[in-house]
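Contents: one structure, followed by commentary.
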Amino acid sequence: MNPAGLPTAYEHGNRLTPPGTQVDPILVEIVQGTLASVEMEVETAIARTSRSPMIRDAHDFRAGIHDRQLRKLTGRSYSALVHPIARDFPLSEMAEGDVFFHNDVYESEGGIGHLPDLCVTVPVFSGGEVVAFVQAFGHHDDIGGAVPGSMPSNASSVFEEGLAVPPIKLWDKGVPNKAALRIMTRNSRMPDSLAADLDAECSACLMGARRLSELFERYGRDTIEATFDTILDQTTETYRREILSKIPDGTYVWEDYAEHDGVDDPKLHTQRITLTKEPTGGPGPGDGGPRLIIDFTGTAPQAKGPINHCGDYVGGNFLKKWLAPILRNLADSPERMAELDVNEGVVPLIEMRFPDKGTLLTPIFPAPTNARTFVILRLLGVLAGVVAKAVDGKMPADQETIRYTGVYGKDRDGNDYLMREVLGGGSGGRYYADGEDTIHVVPDSRNLPTEFTESRFPFIVERLGLAVDSGGAGRYRGGLGYEKQIRMLKDAHFMSIADRSILACWGVKGGKAGSSFSVTIDVGGPEEREVDALADAEPVKAGQVIRIRTTGGGGWGDPLERPYEDVERDLRWGKVSFDGARTAYGVVASGTKDEPVVDAAASDALRAQLRDARPGTEPFFDRGPGYARLADGKDAADVDWL
């Protein structure tokens with residue numbers, strides 16, 4: 001029984017048709033394209049009809065399509081889970097026009113990470129029975145709690161983070177539950193935008209459900225369900241053949257860290273993965289082929305502050321699909337990597353083993369979770385790092401591409417406002433190319449347009465560009481982070497939920513770590529100061545400038561092997577400074593930014609000098625200078641060596 005006294009046994013993850021059922025391959029392509037089209041149409045409808053900047057402009061939301069066994073069918077986008085809905089509401093009792101809602105982290109079966117992520121689910125019907133689900137979840141402006149935005153950086157329990165709603169029926173046969181909506185909007189500092197966003201999401205998912213019903217009506221339920229099985233079977237076989245086969249059998253260990261939790265002083269909050277590649281799988285789909293075991297034993301105890309993530313539900317189903325995109329880097333080419341979707345077909349290939357309750361990944365209610373990005377984003381890097389050890393570094397270096405910053409206060413008319421933004425950072429260098437600049441881990445997300453923010457909020461964006469020298473040096477350079485400067489026109493408060501302000505995005509196989517996250521207030525003024533990366537209400541006076549610099553990606557390979565023409569191009573593009581070229585790449589250049597001139601002879605001599613000054617051996621990973629501050633002076637962890 002769950003805490004509400006409802007049954008927890010429900011069917012999920014099974015096939016819809018017998019193994020070996022044959023389907024016309026052309027029809028499979030048609031259905032697969034239709035699913036992707038419907039998912040995109042749902043997201044487009046939400047973007048066009050929602051109201052809050054976080055949903056409408058930053059695009060911090062996702063849609064997903066699932067079959068009646070709760071399996072995710074699409075790979076264009078990640079999504080939450082339908083499991084808590086099927087757990088609490090029997091499919092046989094659902095009706096057309098029903099919309100279900102939840103945001104309770106501890107009752108989401110691992111699909112919701114923090115309370116601002118609100119999730120709506122709509123069943124799809126064919127012949128009077130539930131045959132699929134359309135779902136959307138997004139990060140909303142405010143759902144109550146101790147601070148505007150519902151992400152208190154020093155929260156010590158989930159009760160400080162806002163209103164938690166377990167699975168409920170928000171619409172009953174097309175009729176909205178006005179009492180529930182009133183409770184939610186009453187608990188929000190932004191009630192109008194919350195109501196509008198929920199209406200947009202519910203309406204878009206209902207539209208998506210109609211589209212899918214038409215698909216079932218056109219081809220018949222048996223045929224469509226056979227194509228669903230085929231789509232997932234193809235993903236399973238593709239990942240087994242093209243991806244898992246690239247990892248040698250064996251066991252590999254690596255770890256990385258969050259640096260602070262908002263309550264305790266900064267320290268290393270360990271996230272460890274022991275990866276085992278086995279040649280044979282277990283029972284069920286994927287039997288007889290290779291599989292991966294991801295064991296999180298060694299992960300640190302749950303934090304006092306809000307960096308915990310509830311991952312240990314339904315076998316880690318959400319985390320399997322969250323982490324699997326990292327494995328695509330093992331594809332034969334970048335073009336092939338872009339073609340590989342992540343749907344429920346990856347689930348049978350991965351077994352997850354969690355430590356006992358009470359860790360960062362297995363927190364005990366009511367541990368706070370609003371900054372759980374510090375854990376789930378870090379796990380992407382831990383998996384990349386442990387796979388890199390297995391494949392001689394042929395994985396990207398580290399990236400940290402999401403953090404929340406913002407300001408709030410009174411606008412020009414004396415009304416309350418909240419401006420919050422998800423700024424990206426640089427991605428890691430790869431064994432064949434530099435990292436990308438200022439990317440976001442949330443697909444299709446973006447920074448807020450300057451024209452929009454300046455017209456709505458009392459500040460001026462004075463600069464938005466690349467943070468020079470922020471990408472980690474390497475044969476292939478890490479991508480650059482943002483530098484954004486805003487001048488406040490009225491007194492306000494600054495907020496930040498960010499990591500990697502002490503630590504950095506690691507470099508691999510000789511590549512160096514990127515630059516860390518930083519915030520400076522009153523740049524060049526008498527009150528200039530650095531602000532902690534976890535801040536709720538840092539005061540900013542009218543006229544003061546806030547400078548935000550996001551992380552640069554780690555470098556890949558020895559920076560002293562980077563071709564001179566690549567460094568010259570970086571100088572011309574303003575991505576690397578003349579001083580950075582000398583110190584990081586051993587390149588001596590003169591001239592101007594528009595016409596840099598590399599002195600090859602002087603550079604050859606400098607590179608030889610820098611090579612001679614190196615120690616005899618170096619770790620496989622470079623964590624940057626901040627690591628020693630939190631690791632008692634150690635430059636590398638024991639697991640950083642091959």
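The values are calculated or read from the model by the stated rules, or taken from the named source; none is laboratory data. Only a predicted model underlies this, so the values are computations on that prediction, with no experimental measurement involved. Glycine also receives a Cβ, built like all others from the backbone with ideal geometry; neighbour counts cover every protein chain displayed. Only protein heavy atoms, including side chains, enter the accessible area calculation; ligands, DNA and RNA are left aside. Shrake-Rupley method; radii C 1.70, N 1.55, O 1.52, S 1.80 Å.
Just a yes or no: is a residue in the stretch 244-251 surrounded by fewer than 16 Cβ atoms within 10 Å (Cβ to Cβ) and in contact with a Leu (Cβ under 8 Å, 6 or more places away or on another chain)? There is at least one residue in the stretch 244-251 that is surrounded by fewer than 16 Cβ atoms within 10 Å (Cβ to Cβ) and in contact with a Leu (Cβ under 8 Å, 6 or more places away or on another chain).
If you filter the stretch 597-642 down to residues that are more than 25 Å from Pro266 (Cα to Cα), assigned to a helix (DSSP H, G or I) and not aliphatic (A, V, I, L, M), you find that the one that is least open to solvent (accessible area, probe 1.4 Å) is Ser603.
Per the listing Asp579, Asp566, Asp536, Asp594, the residue uniquely surrounded by 15 or more Cβ atoms within 10 Å (Cβ to Cβ), over 30 Å from the mean Cα position of the chain (by Cα) and either at pLDDT 95 or above or not in a helix (DSSP H, G or I) (or both) is Asp566.
The set of residues from the stretch 459-504 being surrounded by 24 or more Cβ atoms within 10 Å (Cβ to Cβ) and of a type in the set (D, E, K, R) comprises Arg477, Asp499, Arg500. Screening the candidates Ala384, Ala390, Ala367 for the property of being modelled with pLDDT of 95 or more, within 30 Å of Arg477 (Cα to Cα) and open to solvent by less than 10 Å² (accessible area, probe 1.4 Å) yields one hit, Ala384. Evaluate the stretch 175-184: report whether one residue or more is crowded, with 20+ Cβ neighbours inside 10 Å and more than 25 Å from Val442 (Cα to Cα). Yes, there is a match, as at least one residue in the stretch 175-184 is crowded, with 20+ Cβ neighbours inside 10 Å and more than 25 Å from Val442 (Cα to Cα).
Would you confirm whether any residue within the stretch 202-213 is touching a helix residue (DSSP H, G or I) at 6+ places or on another chain (Cβ under 8 Å), not small (Gly, Ala, Ser) and not in a helix (DSSP H, G or I)? So that I can check it myself, show each step before the final result.
Of the stretch 202-213, the ones touching a helix residue (DSSP H, G or I) at 6+ places or on another chain (Cβ under 8 Å) are 203-205, 207-208, 211-212.
In the following step, the residues that additionally are not small (Gly, Ala, Ser) were identified as 205, 207, 211-212.
Narrowing further to those that are not in a helix (DSSP H, G or I): none.
No: zero hits.
In the stretch 20-71, of all residues being among the hydrophobic types (A, V, I, L, M, F, W, C), closer than 18 Å to Asp233 by Cα and touching a Lys or Arg at 6+ places or on another chain (Cβ under 8 Å), the one that is least open to solvent (accessible area, probe 1.4 Å) corresponds to Ile65. Within the option set Asp256, Asp287, Asp222, Asp295, being surrounded by fewer than 18 Cβ atoms within 10 Å (Cβ to Cβ), at pLDDT 95 or above, of a type outside the set (Gly, Ala, Ser) and more than 30 Å from Ala47 (Cβ to Cβ) holds for one residue only, Asp222. Among the residues of the stretch 301-321, just one is assigned to a helix (DSSP H, G or I), surrounded by fewer than 22 Cβ atoms within 10 Å (Cβ to Cβ) and in contact with a Leu (Cβ under 8 Å, 6 or more places away or on another chain), namely Val314.
Among the residues in the stretch 92-108, are any of a type in the set (Gly, Ala, Ser), at pLDDT 95 or above and under 19 Å from the mean Cα position of the chain (by Cα)? Yes - at least one qualifying residue is present in the stretch 92-108. Among the numbered criteria (1) open to solvent by 20 Å² or more (accessible area, probe 1.4 Å); (2) touching a Lys or Arg at 6+ places or on another chain (Cβ under 6 Å); (3) among the charged types (D, E, K, R); (4) within 17 Å of Tyr78 (Cα to Cα), which one does Glu278 miss? With (1) open to solvent by 20 Å² or more (accessible area, probe 1.4 Å); (2) touching a Lys or Arg at 6+ places or on another chain (Cβ under 6 Å); (3) among the charged types (D, E, K, R); (4) within 17 Å of Tyr78 (Cα to Cα) applied to Glu278, the lone miss is (4). Is there a residue in the stretch 400-418 that is at negative phi and touching a Cys at 6+ places or on another chain (Cβ under 6 Å)? Scanning the stretch 400-418 turns up at least one residue that is at negative phi and touching a Cys at 6+ places or on another chain (Cβ under 6 Å).
Taking the stretch 110-152 as the range and being over 24 Å from Ala371 (Cβ atoms), in contact with a helix residue (DSSP H, G or I) (Cβ under 6 Å, 6 or more places away or on another chain) and small (Gly, Ala, Ser) as the test, the residues that pass are Ser126, Ala132. Given the condition over 30 Å from Gly145 (Cα atoms), in contact (Cβ under 8 Å) with a residue 60 or more places away in the chain and assigned to a loop (DSSP other than H, G, I, E, B), answer yes or no: does some residue in the stretch 346-369 qualify? Taking every residue of the stretch 346-369 in turn, none turns out to be over 30 Å from Gly145 (Cα atoms), in contact (Cβ under 8 Å) with a residue 60 or more places away in the chain and assigned to a loop (DSSP other than H, G, I, E, B).
Out of all the residues in the stretch 54-108, which are outside any helix (DSSP H, G or I), of a type in the set (Asp, Glu) and closer than 14 Å to Glu11 by Cα? Selection gives Asp67 alone.
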